[in-house]
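Student: The structure's right below; bear with me while I get my questions together.
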Amino acid sequence: MADIDPVLDVRDLTKYFGGLRAVESVSLEIMPGEIVALIGPNGAGKTTLFNCITGLYMLTAGEVALTARGQRKRLNGLKPNQVTELGMARTFQNIRLFPNMTVLENVMIGRHCRTRSSVFGAIFRPPATRREEQEVVDLSYGLLQEVGLAGLVDETANNLPYGAQRRLEIARAMATDPVLLLLDEPAAGMNPAETSELQALIRRLREKHGLSILLIEHDMKLVMSLSDRVCVMEHGSRIALGTPEEVSQDPRVIKAYLGEEADA
């Protein structure tokens, strides 16, 4: 069987802010269709790693590469919009919707990186432009059906309940047609019923779209039931990587979460 390239290949990623070490020589591969959770105590460097992978932060050292649609691309030095165009999408710990736009408009904006219309097209609206606009509407509505928000297309985003806003942000990320979806604490602030719905949604998206998914999450029940593998960080370094079962029994992980008394 031929070797399969990882969708995401992070090698010795290091990020310093001045003299402060935020991430130190972290390596991680995510394979096609794999769900990987990134966990660790607060301040472990998880979101900094996300921001380096997605182009929000420049790396101090190391390499990030994405393999999408048969091509491997080095992401170092690329801007977030360029990373998105290559096939990576993300959500944020703090929801970043356009609050005064409708649910449908929020998803349509996510599709912008895949449209071809020029300024000429926007002004004169020839048939090709009108067809593309309709395609964007149809695709956006389909994604809203997938996340359970099709009945709220005309609702203003800031009027949605919290859990629905989270799902809308995922739909907007999906509108960019990603091969890799990064979710930053998607279950934060959700009640158990909403978390269960989120877990089912992530599984459906993976299956239907062939997605690979990397998520930061503090809900350990969600992490252990959803992930194929778990990467554990502490003080900016990777201290464990393996299946949920392997990681949950790792002495270094137990110590990182429970403190020195775990040695007793």
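Student: Can you give me the distance in nm between label points at R74 and I109, each placed 7 Å from the Cα along the Cα-to-Cβ direction?
Tutor: Those two pseudo-labels are separated by 3.4 nm.
Student: Let me ask something else about it. Taking the Cα atoms only, what angle lies between the long axis of helix 192-209 and the longest principal axis of the chain, rounded to 10 degrees?
Tutor: Around 70 degrees separate the two axes.
Student: At 7 Å along Cα-to-Cβ for each site, give me the label-to-label distance between A193 and S237 in nm.
Tutor: Using points 7 Å along Cα→Cβ, the separation is 4.5 nm.
Student: Please build a GNM for the chain, connecting alpha carbons under 10 Å apart, and tell me which residue among I35, I213, I109 fluctuates the most.
Tutor: Result: I109 has the largest fluctuation of those listed.
Student: Extension gain D12-S27, at 0.36 nm per residue separation less the Cα-Cα distance, in nm?
Tutor: Details: separation 15, 0.36 × 15 = 5.40 nm, distance 0.50 nm.
Taking D12 through S27 to full extension adds about 4.9 nm, to one decimal.
Student: Measure off 7 Å from each Cα along the Cα-to-Cβ vector at Y162 and D138, then give the distance between these two points in nanometres to one decimal.
Tutor: Between Y162 and D138, the label points sit 3.8 nm apart.
Student: Next question. Using amide H atoms built 1.01 Å from N in the peptide plane, name the residues 5+ places from I213, or on other chains, whose amide H lies under 5 Å from its own.
Tutor: Long-range HN contacts for I213: E34, I35, V36, L181.
Student: Among V147, A65, L86, pick out the residue whose Cα is farthest towards the positive end of the charge dipole of the chain, where Lys and Arg carry +1 and Asp and Glu carry -1 on C-beta, about the Cα centre.
Tutor: Positive-most Cα among the choices belongs to L86.
Student: Name the most mobile residue of L13, L182, L152, meaning the one with the largest mean-square fluctuation, in a Gaussian network model of the chain with Cα contacts below 10 Å.
Tutor: Of L13, L182, L152, the most mobile in the Gaussian network model is L152.
Student: If you don't mind, there's one more thing I want to ask. Rounded to the nearest 0.05, what FRET efficiency do I254 and H209 have when you use their Cβ-Cβ distance and R0 = 35 Å?
Tutor: For I254 and H209, the calculated efficiency is 0.50.
Student: Once you order the gyration tensor axes a ≥ b ≥ c over the Cα atoms, which shape class does region 1-111 get: rounded for a/c under 1.5, otherwise prolate or oblate by comparing a/b with b/c?
Tutor: Oblate is the answer for region 1-111, as a/c is 1.5 or above yet b/c matches or exceeds a/b.
Student: Looking at the chain as a GNM with Cα springs under 10 Å, which of G45, G62, G110 has the largest mean-square fluctuation?
Tutor: Maximum among the listed residues: G62.
Student: Pairs K15/K79; K46/K79; K15/K221; K46/K208; K79/K208; K15/K208: which exceed 24 Å Cα-Cα?
Tutor: Correct reply: K15/K221; K46/K208; K79/K208; K15/K208.
Student: Which whole-angstrom value gives the distance between the alpha carbon centres of region 5-57 and region 157-180?
Tutor: 23
Student: Return the calculated 222 nm mean residue ellipticity for the chain, to the nearest 500 deg cm²/dmol, obtained by summing -39500 (n - 2.57) across DSSP H runs with n ≥ 4 and dividing by the residue count.
Tutor: Per the formula, -11000 deg cm²/dmol.
Student: Of the options N159, V136, G242, report the single residue whose Cα projects farthest towards the positive end of the charge dipole of the chain (beta-carbon charges: Lys, Arg +1; Asp, Glu -1).
Tutor: The residue sitting most towards the positive pole is V136.
Coordinate-derived values only; no laboratory data. In this text the structure is predicted, and so the values were computed from the model without any measurement. Cβ sites come from the backbone with ideal geometry, for glycine too, and all protein chains shown count toward neighbours.
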